[in-house]
Amino acid sequence: MQLIEASIDLFAQEGFWNTPTSRIAKHAGVATGTLFNYFESKDVLIDAVYRQLKQEWRAHVLAGFPQDGALKARVGHIWFRHIDWGRRFPLRYRLMMQLKLSDLVSHEMQQSQEAELAFAYEMIVQGIAAGELVDVDPAYLGRIFYAQLEAAVSYATEHSLADMPLTRHITQGFEIFWKGVTR
């Protein structure tokens, strides 16, 4: 875990390409050879960092998830918790997003993370089938949801929103999104 935390710190500060494994090991307080006992390459380490960030994000987002709640309550829960995590952990959030958009995370890791989020895709499919959501390709609707979340986190972070202004921002953003995707 020390190596992953050191990697998160340095990748966020200096970028992936500018951070040699020797610097990561030094930052973690271990010998460079020790790093390679746990991670056979920098690519494997990057996958481990991405997995760690996604696991933290997922645990935060799903805490208290209303499994049997109405569609709006379930989508709203994800909305609120995602923005909350991004605002609480901006460094980790930015790094997770950079890794997601980069070509550094292995295809296998991307697929395994997508599989863990299959429940969200199923919610969209079920919402469309039930006539609650607009009838468009579920993957497209998922991308719209994600883009709106990104905009909300970015705005909240750039404007250092907290407390009531943050709550108002999240609530208003969700209502705008919900009106745009429901029938």
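Structure notes:
- Sites listed here are GluC sites (Glu not before Pro) in the stretch 1-64 whose DSSP assignment is loop and whose Cβ has at most 12 other Cβ atoms within 10 Å: Glu40.
- Ranked list, fewest to most other Cβ atoms within 10 Å of each Cβ, for Ile8, Ile24: Ile8, Ile24
- Total formal charge among the other residues, if their Cβ is under 14 angstrom from that of Ala63, Lys/Arg +1 and Asp/Glu -1: +2
- Taking a quarter of the surface of the Cα convex hull of the stretch 66-181 gives a mean projected area of 7.7 nm².
- Rounded to the nearest whole Hz, the Karplus-based 3J(HN,Hα) values (6.51 cos²θ - 1.76 cosθ + 1.60, θ = phi - 60°) of the stretch 141-146 follow the sequence 4, x, 5, 4, 4, 5, with x at glycine and proline.
- Taking amide H as placed 1.01 Å from N in the peptide plane, Thr182 has its amide H under 5 Å from the amide H of Val134, each at least 5 places away in sequence or on another chain.
- Dipole check for the chain: with +1 at the C-beta of Lys and Arg, -1 at the C-beta of Asp and Glu, and the Cα centre as origin, the magnitude is about 420 Debye.
- The relative contact order of the chain comes to 20 percent, based on Cα pairs under 8 Å that sit 6 or more residues apart.
- For the stretch 1-35, chymotrypsin sites (Phe, Trp or Tyr not before Pro) meeting the loop criterion (DSSP other than H, G, I, E, B) and having at most 16 other Cβ atoms within 10 Å: Trp17.
- Charge dipole of the chain about the Cα centre (unit charges at C-beta), most positive-ward option of Ala129, Leu104, Ala156: Ala156
- MRE, 222 nm, helices only [DSSP H, n ≥ 4, -39500 (n - 2.57), over the chain, to nearest 500]: -25000 deg cm²/dmol
Read the figures in this text as sums done on the coordinates, not as results from a lab. Since this is a predicted model, take the numbers as computed values, not measurements. In this analysis, Cβ positions are derived from the backbone assuming ideal geometry, glycine residues included, and neighbour counts consider all displayed protein chains.
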